[in-house]
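One structure is given here, and the rest of the page talks about it.
The values are calculated or read from the model by the stated rules, or taken from the named source; none is laboratory data. Treat the numbers as computed from the prediction; the structure is a model and nothing was measured. Here Cβ is always computed from backbone atoms with ideal geometry, including for glycine, and neighbour counts include all displayed protein chains. These area figures cover heavy atoms from the full protein model, side chains too; ligands, DNA and RNA do not enter into them. Shrake-Rupley method; radii C 1.70, N 1.55, O 1.52, S 1.80 Å.
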Amino acid sequence: MEFLNQYQDKVAEAIERHRFTQTPKELYEPMNYIISNAGKRLRPMMVLMGCDLFGGDLEKALKPSLAIEFFHNFTLIHDDIMDEAPLRRNKPTIHTLHGINVGILSGDALLIKAYQFFEDLEPELFKKCVTLFSETGAVLCEGQQMDVNFETDESVSYDDYLKMITYKTGVLSAASFKIGALIAGASEQEAEALYNFGKHIGIAFQIMDDYLDVFGDMERFGKRQAGDIYENKKTVLYLTAMELATDEERKELAYWYSKKTDNVDKIHGVLKIFRRTKVDERVLRLIQKHNEIGQSYLQSLDAPEEKKRAFIELANYLLRRES
């Protein structure tokens, strides 16, 4: 990921400069903990990449990039509480260490801080960026609620699933690129094309996450093996299996997905059907499809090919994570 080093270094330095030193420490130390527990920090780098693609000032885009990172981590804290997840990035989650109340409060404070990072932008640009940021946050919450609903909804369709992951994941990547483009002074048409690139790469990324949840090395990714199956999440793997399964297998899948249990027989039973129906092959082809759609939006932009290459490499990096 050498091509991203310049962006990653800038984000890391900015995060260190804006480290929380306020009191009460019971509120701010957990915020430092999750922000410093460095994931790949891809979304703030997307802001910088979007700005750089159109020749913008990266320094001007730095604080808005942190807004995206702080917002993303706010969602992770609350997701972990909702999912009762013990680990995040191979380390204990905030609510595991400090309790649910601290988790909720520290997440809320990260969200408020995220908005403050837009305040240095000139009024017209501030309005554009914050409007997009707020719309994205609202849509993301809708996607999260849809994801929760799907656990007990027996009639989830592929279109429902695609809308959910677009709202829950795709729009944040899309908004990250577009905010960077807007800061650089790109036209609305150019910024929207980059938005669509980010949306489809984000969709492909989420489908890959669903794939790796079942077929990946969870020790490497710091997550519970087959956690989506335990949680009865109607992912693309489940929906594809239901489409390709026999009547008897559909009944078995419906049975297991009606029970929220740690029973290993559930995992073995579901995996057996997933493997027989070859959902892994279908899902990998779907990932490639959304990658290609995203690339077509990127290629429509009148921007230097050398700068576009970084976006292609980023997409390839995201979608070729080792299983």
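All but one of (1) surrounded by 15 or more Cβ atoms within 10 Å (Cβ to Cβ); (2) assigned to a helix (DSSP H, G or I); (3) at pLDDT 95 or above; (4) more than 16 Å from the chain's Cα centre (by Cα) hold for GLU26, so report the exception by its number.
The number of the failed condition is (1).
Scan segment 245-257 residue by residue and report those that are open to solvent by less than 60 Å² (accessible area, probe 1.4 Å) and in a helix (DSSP H, G or I).
GLU249, GLU252, LEU253, ALA254, TRP256
Out of curiosity, is PHE197 open to solvent by 30 Å² or more (accessible area, probe 1.4 Å), of a type outside the set (Lys, Arg) and either over 30 Å from TYR255 (Cα atoms) or touching a helix residue (DSSP H, G or I) at 6+ places or on another chain (Cβ under 6 Å) (or both)?
no
Six or more apart or on different chains, Cβ under 9 Å: which pairs go from a residue in segment 148-160 that's over 11 Å from LEU239 (Cα atoms) to one that's outside any helix (DSSP H, G or I) and among the acidic types (Asp, Glu)? Could you list them?
GLU151/GLU231
Looking at (1) modelled with pLDDT of 95 or more; (2) open to solvent by 50 Å² or more (accessible area, probe 1.4 Å), which one does GLU154 not meet, given that it meets all the others?
For GLU154, the failing item is (1).
Looking at PRO92, is it open to solvent by 40 Å² or more (accessible area, probe 1.4 Å), of a type outside the set (Phe, Trp, Tyr) and in contact with a strand residue (DSSP E or B) (Cβ under 7 Å, 6 or more places away or on another chain)?
Judged against the criteria, PRO92 is not a match.
Can you tell me which residue is modelled with the lowest pLDDT among those in segment 208-237 that are open to solvent by 20 Å² or more (accessible area, probe 1.4 Å) and part of a helix (DSSP H, G or I)?
PHE221
Step by step: first the residues of segment 1-23, then only those that are assigned to a loop (DSSP other than H, G, I, E, B) and closer than 15 Å to LEU62 by Cα, then the one that is most open to solvent (accessible area, probe 1.4 Å). Which residue is that?
Residue satisfying both the conditions and the ranking: ARG19.
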